Structure formats: structure tokens, C-alpha cells
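For reference, the structure discussed in these notes is given below.
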Amino acid sequence: MAASCRQVGQLISKNNRALFTNLEWASFQRNFVGVSALHQQAAEANKTDSSEPIIIPRKKEWNKESVLKALAMTVRSDPTAYPYQFQDDAYLSPRTSAEFKLYSLSQESGRSAAKYFVNTYPKFFTKDFAEPHIPCLMPDTVTLRLEEMSEEALKERISLRKVKLAVDMYDQLLQAGLSVSMETTHDLLDLICLYCDRDPVQEDAMQTEDAMQTEDAMEEPVWEVRKRKGKFRRASELLKLTWRENNNAERIFNLLPEKDTQCYSALIRGMVKHGAYAKAFSVYTDLLNNRLTGDIHIFNSLIIAAPDVRDKYAERCDLITTILTQMSQQKIQPNLHTFNSVLKALRQCGSVAKSIALQTVSEMTTLRIAPSLATFHHILGIFYKSASIRQGDADILQEIISEVAGKSFTCQDPDDVLFFTSAMRVCVDFKDLELGYKVHSLVEVGENWRLLGDSYQRNAYYGRFFNLLCMMENIDVVLKWFKELVPSLYYPNSHSLRDLLQALDTDSRLDMLPTIWKDIKSLGHDNKLELIEELLTLMAREKHSPEVQESFATCALEVKKAFDTNRTKISLEWNTGTLSHITSLLLRANKIQEAWKMLELFREKNRVPSGDLLEDFLSLCRSEGCAQKAVELVQLSAAFCLQRTPSLAKMTLAEFHLSEEQRTILSELETVPEPED
């Protein structure tokens, strides 16, 4: 038995060695064949294409902001937080609309001051600790390195936007008999025309003393007040640079021995930008007389200037058509800005522009030019004028929203930021809540919210949207939107808060007025007398349950504190209406002592209470059994020379237990003759 087991073990061991030997041989053959095939393929590749180098693909490098962007996608906006621009400093978080304006201007002023010091003293700001690098935080290169007279020095001054120094260098080169290349001349003309022959520093009101001394006193004024309808929002809109006669741009242009289209383009664009519209057309006529063709920038500028050189609407449309015809004859392909310029000019052509506007949009579709938000803004401006608005035109905005629904836009035109505000204005005019929701849903697509414009435009948009909600939506939905928008996105003004009060009145939810007063106070509108009067009128208009009247009385006392608080700039003046409403609210809540103090305040402020209010006081005295208070009330009525004084005296004599002295006083007041009108 043992021998048989030993034989079996030897047989198994022998078979295992043979199996491993076969496996190793098979593996060797497979590897040898694979390696041989690879070497053979490489040899063939080298034989067939030995000239092309082998390109090894590099690994993908992620952007330095990728992690931050990924984290930002996981965070939703907090409606209770302050705007993002103020979150760096918790002590400078604006709680009111006035503080928002103040802190915004202060922040911008501080940013401008910091930029001025960084650029003026760059040697003190050489360290760069930012990761990733932020170029706008580092000093700009503003010092000149080339002092010798050369074209390279001229290019340096042009790149640094030194208008006067560049002009002086150009004149020195011409006086020395040196030629300037046409490319450099183009850049110089562009610089002069862009900044209207003034250094760009002067646009920020940082005129140096040397620059001011070089101006001739007999020259035409540089600054001109533009008269426009409506209120100005910023100083840059109030003062504009105007094109001066025979300035350096025109002088250099006239000195050129040969003028090409780009020279004419710079001059015409500068004239249109700075208000010399008629002269721009004159230069364009000179271009045609020299048998030159214009470029796309010339025609876009002339289209913008067309309404300012014609008086009648039909003549303006004809001029725009003529410019487009010449553009076609010169085989200039229009772009998006061309069509936007046409639509913008048609806004000043009256009702005749509607048919031309539709033809313009149809032509854009034919040329496969996608419209921008500015295109739709100009269309709304043409069809939705306040004087000629019609219900039938509401379908145009509906079609526009259907066309752009769900799309994310980028800014392609400076007027793109005006679309959402104008679209919401149309929704408010037509009181179309569904359309307003569609417009707002478009704002929330992607980063379309960036196209709401500056703070003024954003406030206008959200103000109109909230006004539409207050007019058409349920009060619960209105309050939900109020919590989501304020204060993270919108600081409501007093008009919007009055709309909210009216919405509460419409839905019979006046019990929430004390809560709204807290919001009014936190937003800094507790100094608006009209808003306070609206609030007190709604609370005092009718009687409510005891719980509601108690909350109203507490709110009335808070309102009284707003009048009593010493204010440095704005002080609220008591009038008869506010005194009467607060007193009535206190009486309904049985706050007798506070009500009597309000009655004394009538005398201090020289205000006359109403007879109904005195009757309410008399009823309160009757229920309390205060005969002395009733007598004082009648005496107060006589002091105000009220017509109800005799009737109040009779009621007091009949309904109260009085002493002889009190009866004598009331008897004298009972016989007082009524004052004549």
C-alpha cells in the first residue's frame, strides 16, 4: 500500500514538471511573436515615413480656477445674504438702499484711488502674491522708456495712450524730415479720435496743471452739457466731450500725402462718437470723391448719425436706406452691429419705422446673422412706445421670448444690457404676469443675469418685476418673491413698498402690516412720509379683532418713534392725518395713556383733531367713568374752536356725574356760538 502511494506521488510530480515546461514554452513563443511583430511594424513605419517625427500627446492641464469653479457649482445663492460685492467686510454690508448707494460709490472711489496710487508709484508695488496671477492688480506700465525721436518712441506713446505726447512726437518726426509708416499713422489717428484729442486721464477729472495751461482760452469749449429728456444717472452722461474744429486729428489727416480708407474710418468714427454728425457725412463725401470705398465701421457710424442730420421721419428713413444701398454697391458685407445700428436709428423715425424694422430682421435671417439681445431691445423700443402702445403688439414680445427661451447669451453689443429692463417694462404695461415669468426665467438661464447691466439697470428690472407681481399675483407668492429678492438682489424703493402695501390691501391681509413695517424700517424707508401715511391709513381704516388691533397699536408706537427720533438730514413733520391715525389705533387697543399723550401732541404741533376722534375719546371716558378727563376734552375742543364743542358739552353734562364747578365750566362752553366760515 505504501509503495503504491509512493508511485502515485512520483507520477503526479513528473506530470506537473512537464505541464510547467509546456506553459513556459508557449509563453515564450507568444512573447517572441509579439515582440517580433512590434519590431517589424516599427521598421516598416520607419521605412515608409521616416521624415515625420513621433508626437507624444501631452497630458491635459487643468485651469487654475477649475477647482474654484467646481466648488462654486455646488453652492446655491443665499437670498438672505447681502450682495456679493459687499461680503468681504461684514461691517460694510448695506442694510438700506441709501447705504447701498453710499457703499457702492465709496467702493468705486476707493478702487479708483488705489489704482491711481499703484500706477503713480509702481516701484512700491513690485510684489505679486496672487495665485493665480491677477494682472489688473499690478501697476500699469505708464513710464516712457524711449526719449529719442523715432517711430518706435511714437509707437510707445500710442500704446501708453499718451495723446498729447504722441502728437508732439509725430510733429517732431515730420519737422525732422522723417517719414512715419501708414500703420503707425492709423494707430495715431485712432487714438486721437477715440479720446477726442485729449488725454484719457482727463475723462476721470484728473487733469494735470500742465495740460490745463496749454489750452487756448479762445478755443471752443471742450465740455458740453447734453440736453436729454429724463433724469441723468451718472456724471459721464451729463458732460460729454465734443469734437473741436481743426483739432489734431483733422490737422494730421490733412497733412497726409495719401489717405486710405482706414484714415477716413478713424476720422468719421471719431466725429460720430463726439457729436460732429454733419461733418462726418462731409468727410464721407470726400472719401467718395477720392474714389475710395468705405469699410463696415464707416457705414455703422453713419447709420447711427443719420437721425441727427435729418428732421423729418421719412427723410431719416430715406437716408438710412441710401447708406445701406451704397454699402451694397461697395460690396460691404453687413454684420450684427450694422443691423443693430439700423434698428437703433429707426427708433427715432416714428411709426414709419415699424415696417422697416421687420424687413431688417428678415434680412438678418436671410444672411444667417444671429441677433443679440440689443437687437430685441431696439425692436421693443420701436413697437412699444408709451404713446402708441397697442394690445395687438403684445405678440411681438411673446415671439421674441419664444425665440430666445432657454438660451444663454454673451455680450456682443453695448446695448445688450438694456433688453431685460425694457422687456419687463412691456410686461408691466400690458399687465402680463405669465410673460413676466418667462422673461425672468430667461434671466436665470446660464449667466444671463450678467446682462442685467449696472446697479441702476438691475434695480429697474427687479423693481418692475416686483411691481408686476404686486399687481397680478397672490400675496403669498408676492411675499415669497420678496424674501428671495431682498436684499441679495434688490433694494426696493418706497414706490415698490407702497405697491406691496396695496397688494396686502387687495388680498385683505392687513394683519401683516406690522411685519411689513419692520421691513420698511430695516430698509431705511422709515423717513418717507407718504409711505408712513399709507401704512397708517390702512391700519386705521377699519376695526379688526383685538389681537390685530393690539399689533397695530404696537406698530403705531414704533411709527411714533420714527417721528420722535432726531435725524441729522431728514426730519418727519407731524400732520393731522398721522396724529389722528396713531391716536385712533391706540384708542382701539385701549392704550389710554398713550392716546392722551397723542392728544397733547396735537396742541404742541398746532394741529387740530377731528370731531370724530374727540367723540371716541369721550366714549372712552364714559366707559372708564373719568369725568375730569371728559371736561378736559371739552375744554381742548373749545381751545381748537371746533364746531362740535357745544354738542360735546351737552353730552358730558347728560352722561357724567359732575361737580358744580365742572358743570359751570361746561355750561359756559355749551353756549359758545359756533364759528362762522
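The values are calculated or read from the model by the stated rules, or taken from the named source; none is laboratory data. The structure displayed is predicted, hence computed values, not measured ones. Here the Cβ is made from the backbone with ideal geometry for all residues, glycine too, and neighbour counts use every protein chain on show. When the accessible area is computed, the model is the full protein with side chains, heavy atoms only, and any ligands, DNA or RNA have been set aside. Shrake-Rupley method; radii C 1.70, N 1.55, O 1.52, S 1.80 Å.
Net charge within 15 Å of F253 by Cβ-Cβ distance, Lys/Arg positive one each and Asp/Glu negative one each, not counting F253 itself? Local net charge: -4. Of the GluC sites (Glu not before Pro) found in the stretch 572-657, those that fall in a DSSP loop while having at most 11 other beta-carbon atoms within 10 Å are E573. Counting only protein heavy atoms and a 1.4 Å probe, tell me what percentage of the stretch 135-194's accessible area is made up of carbon and sulfur. Ligands and nucleic acids excluded, carbon and sulfur give 52 percent. Multiplying the residue separation of L137 and D318 by 0.36 nm and subtracting their alpha-carbon distance yields 60.2 nm. Across the stretch 75-105, the residues whose backbone nitrogen lies under 15 Å from the label position 7 Å along the beta-carbon direction of L489 are 76-84.
Phi angles of the stretch 295-308 translate, via the Karplus equation with coefficients 6.51, -1.76, 1.60 and θ = phi - 60°, into HN-Hα couplings of 10, 5, 6, 5, 5, 4, 5, 5, 5, 5, 7, 4, x, 8 Hz per residue; Gly and Pro are given as x.
Could you tally the net charge around H495, taking each other residue with its Cβ under 13 Å from the Cβ of H495, Lys/Arg +1 and Asp/Glu -1? It would help to have the intermediate numbers written out before the result.
Numbers: positive: R464, R498, K528; negative: D499, E530, E534.
Combined, the nearby Lys, Arg, Asp and Glu give 0.
The accessible-area ordering, largest first, of the residues H525, H337 stands as H337, H525, per a 1.4 angstrom probe. List residues of the stretch 408-426, by number, whose backbone nitrogen lies under 11 Å from a label position 7 Å along Cα→C-beta of R450. Once the point is set 7 Å along Cα→Cβ of R450, 409-412 turn out to lie under 11 Å by backbone N, inside the stretch 408-426.
For I54 and S571, compute 0.36 nm times the residue count separating them, minus their Cα-Cα distance, and round to one decimal in nm. Don't skip to the end; give the middle numbers.
Working: separation 517, 0.36 × 517 = 186.12 nm, distance 8.18 nm.
So the extension gain works out to 177.9 nm.
Taking all protein chains as they are arranged and a probe of 1.4 Å, the heavy atoms of D88 leave approximately 150 Å² accessible to solvent.
Counted by Cβ distance under 12 Å from D140, the other residues give a net charge of +2, where Lys and Arg count +1 and Asp and Glu count -1. Estimated from the Cβ-Cβ distance and a Förster radius of 25 angstrom, the FRET efficiency linking E152 and L292 is about 0.25.
Quick one: grab the alpha carbon gyration tensor of the stretch 396-532, order the square roots of its eigenvalues as a ≥ b ≥ c, and give me rounded if a/c is under 1.5, else prolate or oblate depending on whether a/b is larger than b/c. Please report the intermediate quantities before stating the final value.
Working: a/c = 2.40, a/b = 1.73, b/c = 1.39.
It is prolate, given that a/c is not under 1.5 and a/b is the larger ratio.
To the nearest 0.05, what FRET efficiency results for Q330 and L174 with a Förster distance of 25 Å applied to their C-beta separation? Plugging the Cβ-Cβ distance into 1/(1 + (r/R0)^6) gives 0.20. Within the stretch 53-110, report the chymotrypsin sites (Phe, Trp or Tyr not before Pro) that DSSP leaves as loop and that have at most 11 other Cβ atoms within 10 Å. Here the chymotrypsin sites (Phe, Trp or Tyr not before Pro) that fit, given the DSSP loop and packing criteria, are W62. Straight-distance candidates among the lysines for linking to K560, with alpha-carbon spacing under 26 Å and chain neighbours fewer than 8 residues away dropped: K518, K521, K528, K543, K569, K591, K597, K605, K629.
Accessible area per residue, 1.4 Å probe, Å², for the stretch 377-477: what's the number?
Details: 4510 Å² over 101 residues.
On a per-residue basis, the stretch 377-477 sits at 45 Å².
Among the trypsin sites (Lys or Arg not before Pro) in the stretch 119-192, those placed in a DSSP loop whose Cβ has at most 14 other Cβ atoms within 10 Å are K127, R145.
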